[in-house]
Every structure is written in C-alpha cells, then in structure tokens.
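The values are calculated or read from the model by the stated rules, or taken from the named source; none is laboratory data. No experiment lies behind these values; they were computed from the predicted model shown. Here Cβ is always computed from backbone atoms with ideal geometry, including for glycine, and neighbour counts include all displayed protein chains.
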Amino acid sequence: MSLITQTSIQTLKLCFYGAGSMAEAVAKGLINEKLVDASRISMLNRQNADRLHTLHEVYGVQTVLQGSSNETYLSESDIIFLAMKPKDAAEAIAAIKPFVSPKQLIISFIAGLSITCIEQLLGGQIPVVRSMPNTSSTIGLGVTGISYSDHVTPQQKLITEAIFKSIGINAVVDESLQQGITGVSGSGPAYVYYFMESMIEAAKQLGFASEEAKELVVQTVLGAAEMVRATGEEPSELRRKVTSPNGTTQAAIELLDNNHFSETIVKAVFRSAERAGELGAAIERSLNE
C-alpha cells in the first residue's frame, strides 16, 4: 500500500450499516492494523443497544449511544458498508437512500445481492463494491472477493483493495464469480471448524481431556495449513507423503473415501454458492412485487 493511499484512508469516515459478526470482524481488523482510527468508524443496527454498547466499549467505535443519529453517521460517511442480513437487505437499503450521495462509496457484504440490485435500491449512479469477506479478517487472515460497479473510480478501487489487504488477501473477480467466493471462502471457515469439532470429539472419545483434545487438533490443522503455504506443494502431494501403504493414515483415508468425504465437501461448497444465488434472487423478486 502506498503512503498516499494509507494517508487518504486515515482521513475517511467509515460507517457499518449492520453490526453483526462480519461487520465486527472487518472493523476489528482495520482498527488492529491501525488503518483507520476507531473514532472515525461508526456501527449501526436497528435496535440492539446492548450490542452497540459492547462494540463501543471493546473497540472505541461510534454508535447512536454516543449522541449522534444513524442518519448523521450515514450522511457524513465516505464509505458505507452494507452488513445487514440478506432477509433485511431490501428494506434496510431502501431506507438509507435519502442519506446516500454519489460522492460516497458503498461496499456490500450481503451474500447473493447483485450490484444492479443495490443500484436499483439506492437510485442514481452510486459507486458500489460487491464483496464477500470472511470472519478470519478479524485476525488479519481474511479472504475477500471484490467486484466493482462501473461508477467506482480508480482511487476508490485503490482504497477498497487497501482496506481488504489490511485484513488478509483479496481477489478482484468478475461479479459472476461472487457466488463461488461465498461457497469457497465466505462460508469456508465454518467447514474447517466443523471438521475440527469432529476431530476434537474423536480425541475425547479416545481418552483425551477436552482442552488437550482441542490443543492437539488446533495445532494439527495450523501445521497442515502452514505446510501447504510454506512448501508451495499441492495438498494432494503432501497427503500422499503422509500416507504410507497399508498404514494408519491410509486406513483412515480409505474410510473417508468409502463415505464420500471429498464428494460431500464439493457438494457443500456448491450448495453454499447456490444458496447465495437463491438469497439474491429472493431480494430481487421482492423489488418487483
């Protein structure tokens, strides 16, 4: 990131419209990386005051509890992150239309919601970024897919990519690939956690205490991921190196294969991507009713 880009971001005001786990993950990442001061970040939700109080206490971000209104935070922000749930998106985005101007940049986290649909809800030629981060952004190891509308300026693209690079890696993709991003990396951490849950349960059944089981599994998964990253080798090749003929690992892999483990993972990723499309289509249908 250039010094000019970093400096320009530090002067901006950011507003998260929606204060759930994804908004928290990205805001925390930005604050931890010192890209934006917490005092320049506002986080809004419809009615959960306890949630807003916690976010302010933990991170120092601004909320309506600090005396300003949602309308003021929205209208004074340079970047508005759309971070509400998909089922609430159409109504919520339409509600902020009076407070949004073409000078602002809109960055959406909403699974399945197209750029065209966001433009329709907001009206006018608004710069829109469709993105799909994941919750690992909290610790600077996120993955984010980014797609731009025609109205996003080169400077806004630099700022967007700098924001997401500060919390992990990003890929600028054609919007047609956004559902795939959702299936692979947006929902991806949950697949890994689910796998870890099962390994921890197996360890406990083998006689390990809960904390010991967790420690063993966490380090195993961390080490395996780092081996792929550090060596540059394909996971399939690393797996083969671990799998001795007629050994313990082969026995386990054969059982996984017999239970269609790989096929199930592929189907799960496709189902997540498909569901993103269904959510977006439902929102678009609601606009035409």
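Cβ-Cβ contacts under 8 Å between residues 6 or more apart (or on different chains), taken from a first residue in the range 184-211 that is more than 27 Å from Glu274 (Cβ to Cβ) to a second residue that is polar (S, T, N, Q), are listed as Met199/Thr220; Ile200/Ser210; Lys204/Ser210. Which residues, taken from the range 131-158, are among the hydrophobic types (A, V, I, L, M, F, W, C) and within 30 Å of Tyr193 (Cα to Cα)? Matches in the range 131-158: Met132, Ile139, Leu141, Val143, Ile146. Here Glu289 fulfils each of the conditions (1) at pLDDT below 95; (2) surrounded by 10 or more Cβ atoms within 10 Å (Cβ to Cβ); (3) outside any helix (DSSP H, G or I) apart from (2). Being buried (at least 22 other Cβ atoms within 10 Å of the Cβ) and not in a strand (DSSP E or B) is the filter here, so list the residues in the range 136-146 that pass it. Once the filter is applied, which keeps residues that are buried (at least 22 other Cβ atoms within 10 Å of the Cβ) and not in a strand (DSSP E or B), the range 136-146 yields only Ser137.
Beta carbons closer than 7 Å, at least 6 apart along the sequence or on distinct chains, pair a first residue in the range 148-177 that is in a loop (DSSP other than H, G, I, E, B) with a second that is of a type in the set (S, T, N, Q) and surrounded by 15 or more Cβ atoms within 10 Å (Cβ to Cβ) for Ile167/Ser137; Val173/Ser147; Asp174/Ser147.
Taking the range 116-130 as the range and being in contact with an Asp or Glu (Cβ under 9 Å, 6 or more places away or on another chain) and surrounded by fewer than 20 Cβ atoms within 10 Å (Cβ to Cβ) as the test, the residues that pass are Thr116, Gln120, Gln125.
Among the residues of the range 84-91, is any surrounded by fewer than 19 Cβ atoms within 10 Å (Cβ to Cβ), of a type in the set (Gly, Ala, Ser), modelled with pLDDT under 95 and farther than 23 Å from Leu177 by Cβ? No - not one qualifying residue is present in the range 84-91. Residues in the range 182-228 that are touching a strand residue (DSSP E or B) at 6+ places or on another chain (Cβ under 8 Å) and of a type in the set (Ser, Thr, Tyr) were compared, and the one that is surrounded by the most Cβ atoms within 10 Å (Cβ to Cβ) is Thr182. For Ser136, the conditions (1) at pLDDT below 95; (2) farther than 21 Å from Ala25 by Cβ all hold with the exception of (2).
Taken together, the criteria exclude Pro133 from residues that are in contact with a His (Cβ under 6 Å, 6 or more places away or on another chain), under 24 Å from Glu175 (Cα atoms) and crowded, with 17+ Cβ neighbours inside 10 Å.
Just so you know, in the range 101-115 the residues that are buried (at least 20 other Cβ atoms within 10 Å of the Cβ) and assigned to a loop (DSSP other than H, G, I, E, B) include one that is nearest to the chain's Cα centre (by Cα), and it is Phe109. Scanning the range 21-51 for residues that are out of contact with any Cys (no Cβ under 9 Å at 6 or more places or on another chain) and either closer than 18 Å to Ile107 by Cα or buried (at least 21 other Cβ atoms within 10 Å of the Cβ) (or both) yields a total of 15. Checked against (1) among the small types (Gly, Ala, Ser); (2) surrounded by fewer than 21 Cβ atoms within 10 Å (Cβ to Cβ); (3) at pLDDT below 95, Ser149 meets all criteria but (3). Can you confirm whether the range 252-270 contains a residue that is part of a helix (DSSP H, G or I), of a type in the set (Phe, Trp, Tyr) and in contact (Cβ under 8 Å) with a residue 12 or more places away in the chain? Yes, the conditions are met somewhere in the range 252-270.
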